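**Student:** Have a look at this one.
The values are calculated or read from the model by the stated rules, or taken from the named source; none is laboratory data. Since this is a predicted model, take the numbers as computed values, not measurements. Cβ coordinates were reconstructed from backbone atoms using ideal geometry, including for glycine residues, and neighbour counts include every protein chain displayed.
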Amino acid sequence: MKNKPPYLLFTLGLLLCLLLFVLNLSIGSVHIPFGEIAGRLVGKPLPKTSWETILIEYRLPKAVTAILAGISLSVSGLQMQTFFRNPLAGPYVLGISSGAGLGVAILLMASSAFGWLLYQGSLGIWPIILAASLGAILVLLLMSLTAWKVKDSMTLLIVGLMFGAAVSALISVLAYFSEAEQLKLFTIWSMGSLGGSSYAQLTGFSFALILGSFPMLYMLKSYNAMLMGEAYAESMGVNISRLRWGMIISTGILAGSATAFCGPIAFIGIAVPHMARLVFKTADHRVLLPGS
């Protein structure tokens, strides 16, 4: 695989992704033949009405959500690892996931701790998505203020970890005062899930993905220069301050939206960029970005 050109690897990767996508739609408590799924994706109707309902209303939104979450977390993880030059950096080291978790914890468990009734199950999953988004935005604003004052990247990383620890402590306090049913709801959300995805949610998720990807696409060459360190990047004309702001905004939107719609799924953002480097055997972000 070493000497094969990137476009061949991209083609193989896309074919494998498509194969797994169709296989995911086929497997479940109700088995739908692989050939029938492939035919339906090109416009051929399914022989059973129940298969049509299961495929279109339930499995297809979940499968697309999985792809969007994978893209969001992988791209944000790639940015974090490059900017901080740390192989263990992921999209959640800035406390974005913890902020989203705090928003959901307040929504679900505040009635026991403070007597606030903020959530009713009849409203569906949208209040949880909104609470997670607001929590992630709050931490993103705090990190933006920190980036304005702190100029050292490693200090910014440490501050992000501190934010995450502090927010986790607040969540633990809320969990201590919450009732069993509310704690169960929060625990289920914290496990991460692709269930309950709808086409309306996919529209919002897709918009957030496009919006969050713009900063990295705009500064792709700057990330290549960052591989040699901040001093080298500055000597090449890279505006480190602007790159830092772009990274925070992009990572915040991508990781925050993935957490809001799917819960805290952290390992993908750390693992996938390393897998892309192993497969494509390059550090060029013009290859690693679509590869991730």
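**Student:** State the number of residues belonging to the range 82-108 that are in contact (Cβ under 8 Å) with a residue 60 or more places away in the chain, under 19 Å from Ser72 (Cβ atoms) and part of a helix (DSSP H, G or I).
**Tutor:** 10
**Student:** Just the residues that are free of Cβ contacts under 8 Å to residues at least 24 places away in the same chain and closer than 30 Å to Phe84 by Cβ, please, taken from the range 167-195.
**Tutor:** Matches in the range 167-195: Ala169, Ser172.
**Student:** Among the listed residues Ser197, Ser172, Ser190, which satisfies the condition of being within 18 Å of Ala260 (Cβ to Cβ), assigned by TED's automatic domain parsing to the domain that holds Gly252, at pLDDT 80 or above and of a type in the set (Gly, Ala, Ser)?
**Tutor:** Result of the check over Ser197, Ser172, Ser190: Ser190.
**Student:** Out of the residues in the range 189-214 that are in contact with a Lys or Arg (Cβ under 9 Å, 6 or more places away or on another chain) and more than 17 Å from Ala131 (Cα to Cα), state the one that is surrounded by the fewest Cβ atoms within 10 Å (Cβ to Cβ).
**Tutor:** Here the answer is Gly195.
**Student:** For the range 224-275, enumerate the residues that are more than 20 Å from Arg85 (Cβ to Cβ), surrounded by fewer than 24 Cβ atoms within 10 Å (Cβ to Cβ) and of a type in the set (Phe, Trp, Tyr).
**Tutor:** Within the range 224-275, just Phe267 meets the criteria.
**Student:** In addition: Could you list, in sequence order, all residues of the range 166-188 that are hydroxyl-bearing (Ser, Thr, Tyr) and either under 25 Å from the mean Cα position of the chain (by Cα) or crowded, with 18+ Cβ neighbours inside 10 Å (or both)?
**Tutor:** Passing the criteria: Ser168, Ser172, Ser178, Thr187.
**Student:** Continuing with this model, one more query. Out of the residues in the range 148-162 meeting the condition of being closer than 18 Å to Gly90 by Cβ and among the hydrophobic types (A, V, I, L, M, F, W, C), tell me which one is modelled with the highest pLDDT.
**Tutor:** For the range 148-162, the residue satisfying everything is Met162.
**Student:** Does the range 25-49 hold any residues that are under 17 Å from Pro61 (Cβ atoms) and among the charged types (D, E, K, R), and which are they?
**Tutor:** Arg40
**Student:** Of the residues Leu20, Leu41, which single one is surrounded by 13 or more Cβ atoms within 10 Å (Cβ to Cβ), outside the structural domain of Arg277 (by TED's automatic domain parsing), modelled with pLDDT under 85 and more than 27 Å from Gln182 (Cβ to Cβ)?
**Tutor:** Working: Leu20 fails: modelled with pLDDT under 85.
Testing whether each residue is surrounded by 13 or more Cβ atoms within 10 Å (Cβ to Cβ), outside the structural domain of Arg277 (by TED's automatic domain parsing), modelled with pLDDT under 85 and more than 27 Å from Gln182 (Cβ to Cβ) leaves just Leu41.
**Student:** Residues Val30, Val75: which one is assigned by TED's automatic domain parsing to the domain that holds Leu194 and either touching a Ser or Thr at 6+ places or on another chain (Cβ under 8 Å) or free of Cβ contacts under 8 Å to residues at least 24 places away in the same chain (or both)?
**Tutor:** Every option except Val75 fails the conditions.
**Student:** Give me the pairs, please: first residue somewhere in the range 142-165 and surrounded by 15 or more Cβ atoms within 10 Å (Cβ to Cβ), second residue anywhere and in a helix (DSSP H, G or I) and among the charged types (D, E, K, R), beta-carbon distance under 9 Å, and either six or more positions apart or on two chains.
**Tutor:** Listed pairs, sorted by first residue: Ala147/Arg244; Ser153/Glu230; Ser153/Arg244; Leu156/Arg244.
**Student:** While we're here: With modelled with pLDDT of 85 or more and within 25 Å of Ala63 (Cα to Cα) as the only criterion, which of Leu254, Leu220 stands out?
**Tutor:** Leu254
**Student:** Identify the residue in the range 206-248 that is under 22 Å from the mean Cα position of the chain (by Cα) and either without any contact (Cβ under 8 Å) to a residue 24 or more places away in the chain or not assigned by TED's automatic domain parsing to the domain that holds Asp284 (or both) and, among all such residues, is nearest to Met154 (Cα to Cα).
**Tutor:** Looking at the filtered set, the residue picked out is Ile210.
**Student:** Go through the range 154-234 and tell me which helices (runs of 4 or more DSSP H), entirely inside it, have 1 or more residues that are basic (Lys, Arg).
**Tutor:** Result: 180-190, 220-226.
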